[in-house]
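Participant: Mind looking over this structure? Questions follow.
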Amino acid sequence: QTKPAAHKPFGFGTAATKEQIAGWNIDVRGPDGAGLPPGKGTVADGEQLFMDQCSACHGEFAEGAGRYPELIGGRGTLNSNDPRKTVESYWPYAPTLYDYIRRAMPFGAPQSLTDDQVYSIVAWLLNQANVWPEDKTLDAAGLRQVKMPNRDGFLAGDPRPDVKPDTCMTNCRKTPPKITSDLAARLGVTPTQKTAD
Amino acid sequence: QTKPAAHKPFGFGTAATKEQIAGWNIDVRGPDGAGLPPGKGTVADGEQLFMDQCSACHGEFAEGAGRYPELIGGRGTLNSNDPRKTVESYWPYAPTLYDYIRRAMPFGAPQSLTDDQVYSIVAWLLNQANVWPEDKTLDAAGLRQVKMPNRDGFLAGDPRPDVKPDTCMTNCRKTPPKITSDLAARLGVTPTQKTAD
Amino acid sequence: MLAGAGVGEAMAAGDDNLPPNVPEWMKTLGSSVTAHPYGMPSQYEKNVIRRNVGWLTATEESSINFTPIHELDGIITPNGVCFERHHGGAPDIDPDQHRLMIHGLVDRPLIFTMSDLMRFPSVSRIHFIECPANGGMEWKGAQMDGVQFSHGMVHCCEWTGVKLSTLLAEVGLQKSAKWLLAEGADAAAMTRSIPLDKALDDVIVCYSQNGERIRVENGYPLRLLVPGWEGNVNVKWLRRIKVGDQPWHHREETSKYTDLMPNGIARQFTFVQEANSVITSPCPEKPMKFGKGFYEIRGLAWSGHGRIKKVDISTDGGNNWHTADLQTPVLSRALTRFRFPLQWDGRPMLLQSRAMDESGYVQPTIEALRAVRGLNSIYHKNSIHTWRVKPDGEVENVQIA
Amino acid sequence: MLAGAGVGEAMAAGDDNLPPNVPEWMKTLGSSVTAHPYGMPSQYEKNVIRRNVGWLTATEESSINFTPIHELDGIITPNGVCFERHHGGAPDIDPDQHRLMIHGLVDRPLIFTMSDLMRFPSVSRIHFIECPANGGMEWKGAQMDGVQFSHGMVHCCEWTGVKLSTLLAEVGLQKSAKWLLAEGADAAAMTRSIPLDKALDDVIVCYSQNGERIRVENGYPLRLLVPGWEGNVNVKWLRRIKVGDQPWHHREETSKYTDLMPNGIARQFTFVQEANSVITSPCPEKPMKFGKGFYEIRGLAWSGHGRIKKVDISTDGGNNWHTADLQTPVLSRALTRFRFPLQWDGRPMLLQSRAMDESGYVQPTIEALRAVRGLNSIYHKNSIHTWRVKPDGEVENVQIA
Ligand code: HEC
Ligand code: HEC
Ligand SMILES: [Ca+2]
Ligand SMILES: [Ca+2]
Ligand SMILES: [Ca+2]
Ligand SMILES: [Ca+2]
Ligand SMILES: [Ca+2]
Ligand SMILES: [Ca+2]
Ligand SMILES: [Co+2]
Ligand SMILES: [Co+2]
């Protein structure tokens, strides 16, 4: 009875039923929209829902409020000094928007919207982003067909290491060191080191 | 300026003055009584002090109270099945008694007795142990001369390992295992695994 | 004891407790063995805490705090101060009601209780976890006046759990399986895609951290440990693993945790945390306050590619380098403590550390990194860090060219 | 969440939080990054605590509590549950007013502040500390119905401090120096004599434990770490080291911490903790509750003589042995986690572990130990431990011949 266990299933855990899986299986895949639920929504319904449930943080035009993220705008800024990364300007796949809103929004009450409500909000946001017509009902098939502006903006292979190793030990500098940034101690953005109570 | 520091004093810390050392230098060495302070005490004073400050825990005859240690008695028991290890029966050096009482007793108020008071208490205890006459004043010189009953009861060299390594892996037992003790689960002396609040 | 006196700073105490006097705590009994069934640090250590940067995030539930690495020694981070990063707050999960579901391209979709998971063969490993945004506030210039904030999104613990490969063998992978989706049971239902190769290599489904069960803030009761990879993929409060044939391109691997290059193209799935290091003493919080003389320079190095091989120290802004001592054993993908004896002559210094790992990778200068990646990639800023030491021993975060 | 329901035991919860339902902690934000600047374990882990044995000692200030080793994984003991042993309670010392005095047979008696000590070159090492009375309640027979009590006077942490040899070089040893006396700043002013050879070899004057400052219960702000030697000599709250030419024969090395042999002679200065081991799962607190089938046997081994070389497992009371896996890296004088895969047929077992260390020492049977030492030596009981596993999976502490 002391022989090490052979390689075979241990038999721990319980078979997951179809119903159990269905309840937790909320992911939607970006490129092909796999996992999008049945249902549909309209831009008009989406506008109302967004005003009620989202605009407090993201603004009435999804332009962001305070430090909350802006969701719309920013096209053409990605290669600038001040890139604005929004759903419109940056997100490569529209189904990911469905996935994320369903899993995480509204912030503090995630998974509280119906599938149709999420379609409506996504429709409104995509319309704001100028990739979905105002009068067209959005469903899974429609969402799969949306081509986001930054669809081809990502490089999947990791090109690192992207800097050459420098192992010089002695007299390595051609020029004396020059301070390029020294404001940290005076900027005043560092929290004070006060203690917990 | 980056060369590793040479081997020399780092120079950290502050010279300890004679006075500073004197205040903290409370240890008394067992075998030769090195460190015994000036002063003296009597068995009679010791009795009074012990009744007032010690007997509540150690008993009026230093026989111990409750689970507090007995200090007197037990001679001749060390090689029995039920050895009683007391100051009288077990301690090899009398100056250690001075050291310990001064550093640690009375429990909860250590270092509260004067040097003379400690001499008196030690005198009384040694008298109870039959190694100090009732009418003789105890001082450093006297304490150094006391020979405790168990003076030669200790082996200083560590004789371990004292069991032979047994690395047998297969069919090692000559007889089947016999349980010699199995009361743990029923003794009722194990605290219950209740949780902290 | 001077009750009521300020904690964490020198007290004008008189000398009642100093030699030759007997300190008061020797004259009275201390606390008993039943006083603290689970202990906490001394009241005098109240400054050793995680701190956050209020202006950094819109909310404190989708936010970050920082390990006080300037207060720590050795390589183990105590659980109480391991930095936190979460996207919907740290959920208070009842472990008896927590489940891990594994499904997708598998033969036998299964649901595991915590008790099920603990029955499998277990492994323990000491590994760092670092947020890829560690140092990210400093791409454009030195900004944070303290090493807790410039480098504190890292910790190193002994993690115990079951190898993910064991669980995947249990459910039976189908031939087409190539990627996994890991999902958390928090209010962000945090998801990340992980390639199957890595999952089968060294990923652990963990339930313990430094011996005890994982802390709530770090994923209780279950998290992924993806050795050497960016913190975000080490999904906390793990509730679900779905097996698929391609990555999901979810929000946290498109909108976030992608590295925007100057040409407007973003790198995606840049998982590994390349070698990094920082001097933790001195630092802005721990100035060289004793004037000229001996100091032990202390710091931390780590690499997602394996063992740290060497750490060099420069006091002249990278002109000359001297090799530091590494605390042994040097563990793969773990924090590595380095120490270097310095005789300071009291003159200004530009103090730096430069880590090399067993892959041959060498930590680059900020210049070299910017030359390739520009200023807007947020993540993976692992450049050589510079402390300016002033003649009075004060230390400032600066950048040099 | 079922507020008010008993913590630490399965709840009859309904299935509201189980699949297919969305657990409530995913529907609402968890705690923020400012909620716990210094964190504590989950509310569901309230059973992972140090416990004491009330009847063992007259007071709770000169007493002991025990590490919950049955609840822990890996080799690191988290600071909050490291066993405590003290003789006058754990003092609440202000580190700014704490001093270490080194004097006696030295050229330059010195007093060090904590800040002075932290300036010296530092070292960090992972080592166990074990009370030599660990298991001492079991010399005469199996008594404690739980591994926390039979073997819990041990912990293993990463310790950081300055080598004692560095400090002794600083004060300058005189030629006649041979022994040290170390003294604590507690209400017992605990003292132990330590031979100079060991002091100069690997003893560390420590200020940190698992990264952060030492806990009050374990010696804050300063303690000795005497690798592999009995816990008592690892003097906590260290305030004084006196250099001498012979041992002091103080109370803690005559009246206590000496090992009485059957002939009435006691061994003195038996410093080293010889190899020991115990199975922590299963154990009385963690029965084999799943019936026949696979179990991973887990346990801890350690030796004061160096590295653990091998741990063998027997299920038949020592007739046949099988070698367990050791968690790597195996560190010298540190806890070593062993694991062994067992296919249980549901029949009764007498489960044992047997550790061997790199010195060639092998953990003996209780019979072999008693044959030499009798029943009254209290300390250093490191014999092979036996768990009786019953068909229902319950585990009892027994002794066998
Ligand atoms: C109480 C504030 C709040 C409300 C209400 C809210 N959000 Fe958000 N939203 C946030 C925060 C904070 C984040 C960033 C979360 C993070 O990064 O972890 C966010 C992120 C997002 C993002 C991702 C932005 C990006 O570029 O990655 C989208 C999309 C979004 N919210 C949509 C919505 C929608 C749709 C609703 C309403 C159904 C909504 N939000 C309601 C606070 C809010
Ligand atoms: C409040 C209870 C209490 C009082 C009062 C007290 N003691 Fe003790 N004594 C103890 C305890 C408890 C111990 C064991 C301490 C330990 O082992 O850490 C002890 C131990 C001792 C020992 C060592 C016994 C041994 O065999 O190792 C001596 C000697 C001693 N006490 C003497 C005294 C003297 C003399 C006084 C009075 C001046 C005194 N005690 C007052 C509780 C007390
Ligand atoms: Ca202070
Ligand atoms: Ca804030
Ligand atoms: Ca400053
Ligand atoms: Ca529970
Ligand atoms: Ca009690
Ligand atoms: Ca039982
Ligand atoms: Co990345
Ligand atoms: Co001993």
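The values are calculated or read from the model by the stated rules, or taken from the named source; none is laboratory data. Every value quoted in this text rests on a predicted model; they were computed, and no experiment measured them. Ideal geometry is used to build each Cβ from the backbone, glycine not excepted, and the neighbour counts take in all protein chains shown. Remember, those area values only see protein heavy atoms, side chains included, never the ligands or the DNA or RNA. Shrake-Rupley method; radii C 1.70, N 1.55, O 1.52, S 1.80 Å.
Participant: Among the numbered criteria (1) on the phi > 0 side of the Ramachandran plot; (2) in contact with a helix residue (DSSP H, G or I) (Cβ under 8 Å, 6 or more places away or on another chain), which single criterion is violated by D:Asn382?
Facilitator: The failed condition is (1).
Participant: Mind listing whichever residues of segment A:49-80 are free of Cβ contacts under 8 Å to residues at least 12 places away in the same chain and in contact with a Phe, Trp or Tyr (Cβ under 9 Å, 6 or more places away or on another chain)?
Facilitator: A:Ser55, A:Ala56, A:Gly59, A:Glu60, A:Arg67, A:Tyr68
Participant: In segment D:37-56, how many residues are facing chain A (nearest Cβ under 9 Å) and within 17 Å of C:Lys236 (Cα to Cα)? Give the derivation first.
Facilitator: Within segment D:37-56, the first condition is being facing chain A (nearest Cβ under 9 Å), and the residues that meet it are D:37-38.
Applying the additional criterion that residues be within 17 Å of C:Lys236 (Cα to Cα) yields none.
So the answer is 0.
Participant: Here are the criteria: (1) closer than 30 Å to B:Ile179 by Cβ; (2) open to solvent by 10 Å² or more (accessible area, probe 1.4 Å); (3) not small (Gly, Ala, Ser). Tell me which single one D:Phe149 does not satisfy.
Facilitator: Tallying (1) closer than 30 Å to B:Ile179 by Cβ; (2) open to solvent by 10 Å² or more (accessible area, probe 1.4 Å); (3) not small (Gly, Ala, Ser), D:Phe149 fails exactly one: (2).
Participant: Just a yes or no: is a residue in segment B:62-75 open to solvent by less than 40 Å² (accessible area, probe 1.4 Å), of a type in the set (A, V, I, L, M) and within 14 Å of chain C (Cβ to nearest Cβ)?
Facilitator: The answer is no; no qualifying residue exists.
Participant: Let me ask something else about it. If I filter segment C:200-216 for residues that are at pLDDT 95 or above, crowded, with 23+ Cβ neighbours inside 10 Å and part of a helix (DSSP H, G or I), do I get at least one hit?
Facilitator: Yes, because at least one residue in segment C:200-216 is at pLDDT 95 or above, crowded, with 23+ Cβ neighbours inside 10 Å and part of a helix (DSSP H, G or I).
Participant: Another one. Sort through C:Glu61, C:Glu84, C:Glu71 and tell me the only one that's within 21 Å of D:Cys157 (Cα to Cα) and more than 14 Å from chain B (Cβ to nearest Cβ). First the steps, then the outcome.
Facilitator: On the way: C:Glu61 fails: within 21 Å of D:Cys157 (Cα to Cα); C:Glu84 fails: within 21 Å of D:Cys157 (Cα to Cα).
Checking each option against the conditions leaves just C:Glu71.
Participant: Just give me the residues in segment B:112-154 being part of a loop (DSSP other than H, G, I, E, B) and of a type in the set (A, V, I, L, M), in sequence order.
Facilitator: Result: B:Leu113, B:Ala129, B:Val131, B:Val146, B:Met148.
Participant: Okay, moving on. Based on what the data block shows, is C:Pro348 open to solvent by 10 Å² or more (accessible area, probe 1.4 Å), outside the structural domain of C:Gly374 (by TED's automatic domain parsing) and over 22 Å from C:Ile75 (Cα atoms)?
Facilitator: Taking the combined requirement at face value, the residue does not satisfy it.
Participant: Follow-up. Every residue in segment C:351-369 that is buried (at least 21 other Cβ atoms within 10 Å of the Cβ) and more than 8 Å from every other protein chain (Cβ to nearest Cβ), please.
Facilitator: C:Leu351, C:Gln352, C:Ser353, C:Arg354, C:Ala355, C:Asp357, C:Gln363, C:Ile366
Participant: If you don't mind, there's one more thing I want to ask. Have a look at D:Met118, D:Met137 and point out the one that is within 16 Å of ligand 7 (Cβ to nearest atom) and part of a helix (DSSP H, G or I).
Facilitator: Residue meeting the stated conditions: D:Met137.
Participant: Still on this structure: Quick one: in segment D:249-300, of everything that is within 16 Å of ligand 10 (Cβ to nearest atom) and of a type in the set (Val, Ile, Thr), which residue is surrounded by the fewest Cβ atoms within 10 Å (Cβ to Cβ)?
Facilitator: By that ranking, first place goes to D:Ile265.
Participant: Now for a separate question. Within segment D:154-178, how many residues are under 28 Å from D:Ile75 (Cα atoms) and open to solvent by 10 Å² or more (accessible area, probe 1.4 Å)? Full working, then the answer.
Facilitator: Narrowing segment D:154-178 to residues under 28 Å from D:Ile75 (Cα atoms): D:154-165.
If we keep only those that are open to solvent by 10 Å² or more (accessible area, probe 1.4 Å) too, we end up with D:163, D:165.
Going through segment D:154-178 one residue at a time, the tally reaches 2.
Participant: A follow-up question, please. Condition test on D:Gly39, is it open to solvent by less than 10 Å² (accessible area, probe 1.4 Å) and either outside any loop (DSSP other than H, G, I, E, B) or aromatic (Phe, Trp, Tyr) (or both)? I'd like the intermediate steps shown before the answer.
Facilitator: On the way: open to solvent by less than 10 Å² (accessible area, probe 1.4 Å): yes; either outside any loop (DSSP other than H, G, I, E, B) or aromatic (Phe, Trp, Tyr) (or both): no.
Criteria not met by D:Gly39.
Participant: Let me ask something else. Scanning segment D:42-57 for residues that are under 27 Å from C:Lys46 (Cα atoms) and in a loop (DSSP other than H, G, I, E, B), which turns out nearest to ligand 2 (Cβ to nearest atom)?
Facilitator: Here the residue is D:Arg50.
Participant: Consider D:Glu252 against the criteria (1) in a loop (DSSP other than H, G, I, E, B); (2) under 30 Å from D:Ile93 (Cα atoms); (3) of a type in the set (Asp, Glu): it satisfies all of them except one. Which criterion is unmet?
Facilitator: It fails just one condition, (1).
Participant: Another question, if that's okay. I'm trying to understand the selection: among the residues of segment A:165-194, which are open to solvent by 60 Å² or more (accessible area, probe 1.4 Å), at pLDDT below 95 and part of a loop (DSSP other than H, G, I, E, B)?
Facilitator: A:Leu183, A:Gly188, A:Thr192, A:Gln193, A:Lys194 - these are the residues of segment A:165-194 that are open to solvent by 60 Å² or more (accessible area, probe 1.4 Å), at pLDDT below 95 and part of a loop (DSSP other than H, G, I, E, B).
Participant: Continuing with this model, one more query. Pick from segment A:90-111 the residues that are open to solvent by 10 Å² or more (accessible area, probe 1.4 Å), outside any loop (DSSP other than H, G, I, E, B) and within 25 Å of A:Leu78 (Cα to Cα): which of them is nearest to the other protein chains (Cβ to nearest Cβ)?
Facilitator: From segment A:90-111, those open to solvent by 10 Å² or more (accessible area, probe 1.4 Å) are A:91, A:93, A:100-102, A:105-109, A:111; that's our starting set.
If we keep only those that are outside any loop (DSSP other than H, G, I, E, B) too, we end up with A:100-102.
After this cut, where a residue has to be within 25 Å of A:Leu78 (Cα to Cα) as well, the list is A:100-101.
Numbers: A:Tyr100: 4, A:Ile101: 9 Å.
The qualifying residue nearest to the other protein chains (Cβ to nearest Cβ) is A:Tyr100.
Participant: So which residues in segment C:88-129 are under 30 Å from C:Phe149 (Cβ atoms), more than 7 Å from every other protein chain (Cβ to nearest Cβ) and open to solvent by 10 Å² or more (accessible area, probe 1.4 Å)? Lay out the reasoning, then the answer.
Facilitator: Step one: list which residues in segment C:88-129 are under 30 Å from C:Phe149 (Cβ atoms), which gives C:88-93, C:125-129.
Now narrow it down to the ones that are more than 7 Å from every other protein chain (Cβ to nearest Cβ): C:125-129.
C:Arg125, C:Ile126, C:His127, listed by residue number.
Participant: Given the criteria more than 16 Å from ligand 8 (Cβ to nearest atom), surrounded by fewer than 23 Cβ atoms within 10 Å (Cβ to Cβ), away from chain D (no Cβ under 11 Å) and not β-branched (Val, Ile, Thr), does B:Gln117 qualify?
Facilitator: Yes.
Participant: Working only within segment C:234-248, note down all residues that are crowded, with 24+ Cβ neighbours inside 10 Å and either under 23 Å from A:Lys85 (Cα atoms) or within 16 Å of ligand 2 (Cβ to nearest atom) (or both).
Facilitator: If the condition is that a residue be crowded, with 24+ Cβ neighbours inside 10 Å and either under 23 Å from A:Lys85 (Cα atoms) or within 16 Å of ligand 2 (Cβ to nearest atom) (or both), then C:Trp248 is the only one that fits.
Participant: Looking at segment D:57-101, which of its residues are aliphatic (A, V, I, L, M) and over 23 Å from B:Gly23 (Cβ atoms)?
Facilitator: D:Ala58, D:Ile64, D:Ile69, D:Leu72, D:Ile75, D:Ile76, D:Val81, D:Ala90 - these are the residues of segment D:57-101 that are aliphatic (A, V, I, L, M) and over 23 Å from B:Gly23 (Cβ atoms).
Participant: Within segment C:64-74, work out how many residues are away from ligand 4 (no atom under 16 Å from the Cβ), outside any helix (DSSP H, G or I) and either in contact with a Ser or Thr (Cβ under 6 Å, 6 or more places away or on another chain) or open to solvent by less than 10 Å² (accessible area, probe 1.4 Å) (or both).
Facilitator: Of the residues in that region, 4 qualify.
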